[in-house]
Amino acid sequence: MSAAMTQQNAPKADVILSARGLTKRFAGFVAVNDVDLDVQRGSIHALIGPNGAGKTTCFNLLTKFLQPSAGTITLNGRDITRMPSADIARLGLVRSFQISAVFPKLSVLENVRIALQRRRGDSFDFWRSQKVLHELYAEAMERVDEVGLSSFTHETAGELSYGRKRALEIATTLALEPEMLLLDEPMAGMAQEDVARISALIRKIAANRTILMVEHNLSVVADLSDRITVLARGQVLAEGPYEAVSKDPRVIDAYIGAGHE
């Protein structure tokens, strides 16, 4: 391979996650079609589009919950296209889900402690003594404080409000020490006061992490995002800062003009 080709194929130093030609076919239906995506390190990047645009499929491809039919995905310049999702999480790419996933009968602190145990290996260290497990509580408290739940440390997770459950879920993902966090519709189903709280939380945790999020709430996208990729019919329709993307006639027609929020 020539030096010119090597330089051309080398990842950009400021790009943490990259996709090239990302494609997913389901029995003849192309859900994601030749998508190129670069997520800048330290940014908040939003993936938006109307229903059926391929956002969720693209998100699942990037996090390896689906295997692409074609294309490549790199994380910090490393090809992760064929790697399983659990291995990618260990490399620092961690996702949340649209439906809050917490242990409802355990306390807030216990939920985070279990996430810390998972970081130590596949066994979760359930066989270890209570003394050893209690050593994890100090770090668990740091994560609980980080997401603003210190007043709810001993509350049962199932009794939290929906917005605080989402904050707890973010705390459990932070326990895995992600370099990059992928959030799947973090504001879905929230009351306005919870939206404001979680928006502030996302901005806070993004201070030293990269975030890619799928989100329908355009006011949240406008407020938080450094860069936006708009999908329509499985393809990239537009990309750039919100100010430019929101004025793009194609975006207005396909997304904003369609009345989606």
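Determine whether region 158-173 contains at least one residue that is among the polar types (S, T, N, Q) and out of contact with any Ser or Thr (no Cβ under 6 Å at 6 or more places or on another chain). So far as region 158-173 goes, yes, one or more of its residues are among the polar types (S, T, N, Q) and out of contact with any Ser or Thr (no Cβ under 6 Å at 6 or more places or on another chain). Does V221 satisfy the condition of being under 15 Å from the mean Cα position of the chain (by Cα), assigned to a helix (DSSP H, G or I) and either among the β-branched types (V, I, T) or at negative phi (or both)? Spelling it out, V221 is indeed under 15 Å from the mean Cα position of the chain (by Cα), assigned to a helix (DSSP H, G or I) and either among the β-branched types (V, I, T) or at negative phi (or both). One residue is enough: does region 131-150 have a residue meeting the conditions within 22 Å of A46 (Cα to Cα), outside any helix (DSSP H, G or I) and modelled with pLDDT under 90? Taking every residue of region 131-150 in turn, none turns out to be within 22 Å of A46 (Cα to Cα), outside any helix (DSSP H, G or I) and modelled with pLDDT under 90.
If you check P186 against the conditions, is it buried (at least 22 other Cβ atoms within 10 Å of the Cβ) and either outside any helix (DSSP H, G or I) or in contact with a strand residue (DSSP E or B) (Cβ under 8 Å, 6 or more places away or on another chain) (or both)? So P186 fits the description; yes.
Within region 208-231, the set of residues being modelled with pLDDT of 90 or more, surrounded by fewer than 20 Cβ atoms within 10 Å (Cβ to Cβ) and among the hydrophobic types (A, V, I, L, M, F, W, C) comprises just one member, A222.
For region 35-46, the condition holds for at least one residue, the condition being that it is modelled with pLDDT of 90 or more, closer than 30 Å to K165 by Cβ, touching a Leu at 6+ places or on another chain (Cβ under 7 Å) and not hydrophobic (A, V, I, L, M, F, W, C). Within region 55-66, not a single residue is of a type outside the set (G, A, S), touching a helix residue (DSSP H, G or I) at 6+ places or on another chain (Cβ under 6 Å), within 18 Å of V221 (Cβ to Cβ) and surrounded by 20 or more Cβ atoms within 10 Å (Cβ to Cβ).
The set of residues in region 142-162 being within 21 Å of the chain's Cα centre (by Cα) and surrounded by 20 or more Cβ atoms within 10 Å (Cβ to Cβ) consists of R143, V144, V147, L149.
Those strands (runs of 3 or more DSSP E) of region 25-116 in which at least 2 residues are more than 28 Å from A207 (Cα to Cα), of a type outside the set (V, I, T) and touching a residue at least 24 places away in the same chain (Cβ under 8 Å), considering only elements entirely within it, cover 29-40, 70-75. Within this structure, E169 fails the test of being outside any helix (DSSP H, G or I) and either touching a residue at least 24 places away in the same chain (Cβ under 8 Å) or not assigned by TED's automatic domain parsing to the domain that holds V39 (or both).
The values are calculated or read from the model by the stated rules, or taken from the named source; none is laboratory data. Nothing here was measured: the structure is a model prediction, and the numbers come from that model. Note that we place each Cβ from the backbone using ideal geometry, even for glycine, and neighbour counts take in every protein chain shown.
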